[in-house]
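The values are calculated or read from the model by the stated rules, or taken from the named source; none is laboratory data. The shown structure was predicted, so the numbers you read here are calculated from the model rather than taken from an experiment. Counting neighbours? That spans all protein chains shown, and the Cβs are built from the backbone with ideal geometry, glycine included.
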Amino acid sequence: MIKRMFLGMGLLLFVLAPLSFVGAQDIADTTSADAEFAEEVLEEIVVEEVTEIPSGFNVFWRGVKERVALTFTFDPVKKAEKQLEYAEERMNIAEYIAEHTEDEAVQERAEQMMERANKLMEKVNENKDKWIEKSGARFDRLVKNLSEYEVRREAVFDKLEEKLPEQARERLEKIHDKAIERSERLMERLGDEDLSEEVKEHVEAAKAYVQERREEVKEYREEQKELRERLKDGDEDAKEELKDLHDERVEEIQEQREEMQGRVEELREEATDGDVGARLQLRAMREAGEQVREQTQERLGDREYDELDDSSNDDNGDDSDDDFDGEDND
């Protein structure tokens, strides 16, 4: 399973390597600023930094504002950009929740955030015939950002599977499976379009990665299913085996992350010694957003988290924005 994950990230790393010369300032920026790897995820899309777990009312109000903004956005490419931006923000919130609370009631919001992100991206997929007709720099940027989002999403799902309890993981798996299915449909369609060489490389890398992930997740799900069925039949050993399976997966994810971080350090040393190839790879990883690294953890650093006030669970708004979950206007 771990070999499959490494292969996917390898495709992302090397296929996206730029073919043009990297300027001296670009090299200096690449080798001196660790934060860029965490911050530059989506090109020219600025997402709101998460500094606290939102209350139920804040989640509801966020949904209202998103839908109003989308209703009055008529250009197909701009609308898709907004939906992508909102989906990225929801993922960031889910990741923050997983990192900063063990309260199962609050952790449910992480699932809700990922579900909402999935719905937003489903809208992008449904309306692709409208925005795919466009061309130009903005369209190219959208397609590259969509490709990079698909890869980052998998890293966030990994983080949530590490942190959330078994019951929450079962619900999250359904959301994850839908996300992969939707991602494959979108990448397949984009791969058939007449794209520039640079954009096509982004799409093909993301497509290959998503396909590898699908196989990895499928294998893991089959093992889970077998153990859960045994547990339902009263096999007590299955409970411990299920825990071992999860622990093994978490260990594999952590090994992958450490491997990639170690590779970054090696490339930095090689780039400092004048290795142009290493500089190119560092540049590629920065532009791709360095999807494997822990974006939220690095951005927030050691900032202390003030525990969620007990009153947030008693907000007048519901924990999700489902009460305002009408369809976004096409």
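Consider the range 183-202 and keep the residues that are within 20 Å of GLU126 (Cβ to Cβ) and surrounded by fewer than 18 Cβ atoms within 10 Å (Cβ to Cβ). The one that is nearest to the chain's Cα centre (by Cα) is GLU184. Quick one: in the range 72-122, which of the residues that are part of a helix (DSSP H, G or I) and of a type in the set (Phe, Trp, Tyr) is nearest to LEU172 (Cα to Cα)? Of everything passing the filter in the range 72-122, TYR96 is nearest to LEU172 (Cα to Cα).
Among the residues in the range 136-156, are any among the charged types (D, E, K, R), under 16 Å from TYR96 (Cα atoms), buried (at least 19 other Cβ atoms within 10 Å of the Cβ) and in contact with a Lys or Arg (Cβ under 7 Å, 6 or more places away or on another chain)? Yes: one or more hits.
For beta carbons closer than 6 Å, sequence separation of 6+ or different chains, a first residue in the range 215-243 that is touching a residue at least 40 places away in the same chain (Cβ under 8 Å) and assigned to a helix (DSSP H, G or I) and a second that is surrounded by 12 or more Cβ atoms within 10 Å (Cβ to Cβ) and of a type in the set (A, V, I, L, M, F, W, C), the qualifying pairs are GLU216/MET1; LEU242/LEU227.
Going by what's in this entry, would LYS130 be described as out of contact with any Phe, Trp or Tyr (no Cβ under 6 Å at 6 or more places or on another chain), more than 15 Å from ARG185 (Cα to Cα), modelled with pLDDT of 90 or more and not aliphatic (A, V, I, L, M)?
Against the criterion (out of contact with any Phe, Trp or Tyr (no Cβ under 6 Å at 6 or more places or on another chain), more than 15 Å from ARG185 (Cα to Cα), modelled with pLDDT of 90 or more and not aliphatic (A, V, I, L, M)), LYS130 qualifies.
The set of residues in the range 241-267 being modelled with pLDDT of 80 or more, acidic (Asp, Glu) and either in contact with a Gly (Cβ under 6 Å, 6 or more places away or on another chain) or within 17 Å of LEU164 (Cα to Cα) (or both) consists of ASP244, ASP247, GLU248, GLU251. Take ASN125 and decide whether it is crowded, with 20+ Cβ neighbours inside 10 Å, modelled with pLDDT of 90 or more and either part of a helix (DSSP H, G or I) or in contact with a strand residue (DSSP E or B) (Cβ under 7 Å, 6 or more places away or on another chain) (or both). So ASN125 fails the test.
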